[in-house]
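Encoded as structure tokens, the structure appears first; notes follow it.
Every read-out reported here was derived from the displayed coordinates using simple, explicitly stated rules and does not represent laboratory data. Keep in mind that this is a model prediction, so the values were computed, not measured. Here the Cβ positions follow ideal geometry from the backbone for every residue, glycine too, while neighbour counts run over all protein chains shown.
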Amino acid sequence: MIVEAGQLALTFAFALAVLLAILPLYGSFVANKPMLLLAKPLAFGQFFFCLLAMLALIYAFRTNDFSVINVAQNSSSTLPWYYQITASFGSHEGSMLLWVLMLAGWTALVAQFSKALPLQLHGRILGILGLINVGFVAFSLIMSNPFERSLPFFPVEGRDLNPLLQDFGMILHPPTLYMGYVGFAVAFAFAIAALMGGRFDSVWARWVRPWALAAWLFLTLGIMLGSWWAYNELGWGGWWFWDPVENASFMPWLAGTALIHSLAVTEKRGTFKSWTVLLALAAFALSLVGAFLVRSGVLVSVHSFATDPGRGLYLLVFLLLVVGGSLLLYGIRMNAVRSQARYQLFSREMMLWGNNIFLLTACLIVFLGTLFPLFHKELGLGTISIGEPFFNQMFYYLTIPFALLLGLAPWVRWKQQQLLPLIKPFSLIAIASLMLALGVMASMQSVQANLGLLGLLLGAWVGISALAEVMLRLRQFGSVSAGISKLNASHYGMTLAHIGFAVLVVGVAMTKTYTVERDVRMQEGDSTSVAGYEFTLTDVYDLNGPNYGGQAAELDVSKDGGYVTHLHAEKRFYRIQRTIMTESAVHARLSRDLYVSLGEELPGNAWALRIQVKPFVRWIWLGGVLMSLGALLALADKRYRRKSSVAKQEVANA
Amino acid sequence: MKRYVIGLLWLMCNTVSAEEVLAFANDAQRELYYQLAAELRCPQCQNQNIADSNAIVAVDMRQKTYQLVQQGQSRQQILQYMINRYGDFVHYQPPLNRVTIWLWLAPLLLLLGLLAVGLYRRRNEAAQTPDNLAGTPDELEQLIEKYRSKKP
Amino acid sequence: MRKLFFYAPLALFLLLALFLLSGLFSDPRERASATLNKSLPAFALADLMQPQHIWTAEQLKGETFLLNVWGTWCPTCNAELGYLTELRQQGVKIVGLYYELPRDPAFDAPFNLQTLQQDVSQKLAQHGDPYQFNILDLQRSLSLDLGVSGAPETFIIDAQGIIRLHHIGDINSQVWRSKLAPSYQQWSQP
């Protein structure tokens, strides 16, 4: 009954999305105020019914209603309650509903928080978001209904949730990631509305910026959570595999990062307009392409959803309409737009253009690396694989100039910067970076020219430069203490995000260089030494979990005779899905992780264990978290929350 | 707790050093083996390297790689051995040919192209337009206010 | 010229859509075989039923035949035995390459040839016996040399011992008619 109500709610949401797509948009062209005013209640209604649908689905999972195919295939009565809730978006159908809910949620947020916008623009943006959601709700209803029942015959027990997804990271990762993906729809809608009206300038950029930042914030967090989950759950200590699914989230992230930088130029200087609009379109288009790649089955990936060509075809047609349509509009309207600004070669504008060049090139590399095997095969040239060696090589060469530029850029003024005054601070920063990097290497007793040193140098360069720059700005207010409260929140945000990038670079380079990995054969009582740590296997015993069995191993770790920690690694056998999962034991410190996974049983009452010591691996996620916090700080900037007294009286009658 | 105490007792009186599952003559060979296992793709799995997969063919390929490493074959020889059997598909680094060259060329061209666009635009705009923009944040605020109150 | 510049993203996107469309209708897991048009690799492996007989690549020359990689542990292989037997009755020569599973010393009994022979005889009696004989690939070494990734897989090997076709997956009447039969007929012409 509740399930049918959910289905009904989704149908209502569809109807409201259709109305939202038609009325305000039509109203904006015929200058019909009542129609434009309808946009807000329609957006709220749409969100309300999507929420009802999601709650109904969660209810079906919580009550073990196995007559619903989705529940029977992705849950079981033995599943812990929190995973029963997350199982509701663990499948293709459920995650599509989550997607729809997120889109409706963003639409409602725009309706609520963009009251200051001219009514016409407001109506158009909501109408475009409604139009996009029409496509997704229809997809959910027609092609992948999460509420479908298998009456009259249904199983008495479900097939359980894929054990890979039974992890804490999976509770947070999908909603955060989808918030990011879908969030770029708002910037997209702003861009389309601007293309329709033909106006974009600093004001437009000011309005889009917080939305782009918010989407970027969630996407960054979502990707980091996904990486952290893979590290903990896949059992081999990797944090990024360049799988198509990961790349599908990385591409919009790169385009989105370029967008938030380009928006800064458009807001502050009124230039880069056509470029910024293109990036706003691209970020969401890449989200859609990613969704297509994951759900259509055109690429082979470790964690794609079960696929069916009908769905792929629907999504491709949808992609053609949305992305093709918007790019067509872009082509038609854009040549009327002229940017206006004057700036010198050595100026903030050119620095940010450099940032965009590198990010877009990175995006193209990921795009080609993901899709080239498909092109290669469809051209009849045979099958190839593109993975880690290719991407690592390309990102190595790209990161070096990018990080150098990033250390430089925040110091450079808009319009024009004299080179001479910067020479002294940058010499000092360069010397400080060199000393810091060598100092860290010396403390690890490994001073040599390797990737680790390069990472430390670049990280120190970016980090020290960002800190020194913020100190310089603070001093410009008279004194540092006086400046602290005067400097914009968005400036702190930028600095924090740049430091986050520095931390990330250090983490990646150090982990890649100094990870020590050993596969050892151990009996109870055996010990082995890896990178100075002494691991002793004290016990192996049988496990008995709610929906799994298996073995657990207990290890003691000591260093130089002193006790470090106790580790508990599991190898689980999930009974219903009949799959083996490794629950690695991780002991995390800022300077290193100890990572142990329990392997197979070996003859002679022994076990294979994979023991890894991974220096600085935490820094990778720490960097991501800092970047997200930076975006959060920038969002808190008060200039985005300024209320306008005149806004309320506005009537659009174009 | 009891388990822990027993563990400690074990530790004190019976510490035996564990051996590696796969023994290597030297660090270079160990590194080569792990590197290859990470770069070779399991032909049967969804998208996994042979190090992380437990499919039969991945186990066999790991074993073969180990054998070849122990025989002292070079990285290139071992890769070629696998490619001869399973095709270019098996290596995560694509081969270089007249089509795949674009994997490297296209990003390079984009980079240079965008750089050129930036320089060209800067010169053109500098020549054409007067600088009548909001130079300070305050001026931008005024501009925004003007925009808002304007009837389109 | 400047106008056209703004249509470039659209053009690139349409090109991408074209590839994605064609990608929708092809199997992403299909991959080209590297052993095609090469000679059957050298080997010396025992016959499954008469282990004293050792087969080599040389002995298999002279007639075009199907080399079918299979195992009783693989349900798809068992399912195709019936259709393969029909093909044998139509005069197609089929040789089995028995793909034995590795054994986990912790759980499995050690390899026993007699048990395996009984198991195979029973399966063949039950589903039909398409094979002239079976070659036992205990260590899966020939399979690795052939680029086999699992079972079932089938090769067409011509009279000169050259591999002419590599099929991954099962054989049924439709697959045979559309993919294997044309190649088999082409290469069995004298």
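One table, with the values for the structure above:
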{"item": "Cβ crowding within 10 Å averaged over residues, with C:115-128, A:309-322 ranked highest first", "result": "A:309-322, C:115-128"}
{"item": "The protein assembly as shown - Rg and Dmax from Cα coordinates, angstrom", "result": "31.2, 98"}
{"item": "Of every Cα-Cα pair in segment B:4-90, the percent that sits beyond 16 Å", "result": "57 percent"}
{"item": "Shielding by other protein chains, C:9-19, mean Cβ within 10 Å", "result": "6"}
{"item": "A:LEU632, A:LEU555 arranged by Cβ crowding within 10 Å, fewest neighbours leading", "result": "A:LEU632, A:LEU555"}
{"item": "Farthest toward positive dipole pole in the protein assembly as shown [+1 Lys/Arg, -1 Asp/Glu at C-beta], among C:LEU180, C:LEU40, A:ALA291", "result": "A:ALA291"}
{"item": "Peptide B:26-39, shielding by other chains (average Cβ, 10 Å cutoff)", "result": "1"}
{"item": "Selected from A:LEU259, A:VAL317, A:MET334, residue furthest toward positive end of dipole (segment A:198-400; charges at beta carbon)", "result": "A:MET334"}
{"item": "Average partner coverage of A:529-539, which counts Cβ from other chains inside 10 Å", "result": "3"}
{"item": "Centre separation in Å (Cα based) which lies between segment A:605-644 and segment A:209-233", "result": "8 Å"}
{"item": "Set of aspartates and glutamates near C:LYS61 by C-alpha distance (under 17 Å), chain-local residues within fewer than 8 positions excluded", "result": "C:ASP47, C:ASP158"}
{"item": "Size of electric dipole in segment A:536-615: Cβ of Lys, Arg +1 and of Asp, Glu -1, about Cα centre, debye, nearest 20", "result": "340 debye"}
{"item": "Sorted peptide list for C:71-77, B:67-73, criterion being average Cβ within 10 angstrom, highest first", "result": "C:71-77, B:67-73"}
{"item": "Cross-link pairs A:LYS512/A:LYS559; A:LYS415/A:LYS512; A:LYS40/A:LYS268; C:LYS93/C:LYS179; A:LYS273/A:LYS486; A:LYS115/A:LYS273 - those with Cα-Cα distance over 28 Å", "result": "A:LYS415/A:LYS512; A:LYS40/A:LYS268; A:LYS273/A:LYS486"}
{"item": "Dipole magnitude of segment C:30-188, debye to nearest 20 (Cβ charges: Lys/Arg +1, Asp/Glu -1, about Cα centre)", "result": "380 debye"}
{"item": "Mean Cβ neighbour count within 10 Å, used as a protection proxy, ranking A:286-294, C:37-45, A:581-589 highest first", "result": "A:286-294, A:581-589, C:37-45"}
{"item": "Net charge dipole size for chain A [Lys, Arg +1 and Asp, Glu -1 on Cβ; Debye, nearest 20]", "result": "3640 debye"}
{"item": "Charge dipole (chain A, unit charges on Cβ, about Cα centre) - positive-most of A:ASN547, A:GLY45, A:GLY599", "result": "A:GLY45"}
{"item": "Choice from C:LEU101, C:LEU36, C:LEU15 with maximal GNM fluctuation in chain C (Cα, 10 Å cutoff)", "result": "C:LEU15"}
{"item": "Residues A:GLN393 and C:LEU101, FRET efficiency given R0 of 41 Å [Cβ-Cβ distance, rounded to 0.05]", "result": "0.65"}
{"item": "Those GluC sites (Glu not before Pro) in segment C:1-79 that DSSP places in a loop and that have at most 15 other beta carbons within 10 Å", "result": "C:GLU30, C:GLU63"}
{"item": "Per-q log10 I(q)/I(0), segment A:1-161, q = 0.15 Å⁻¹ (Debye; single scatterer per alpha-carbon; no solvent)", "result": "-0.73"}
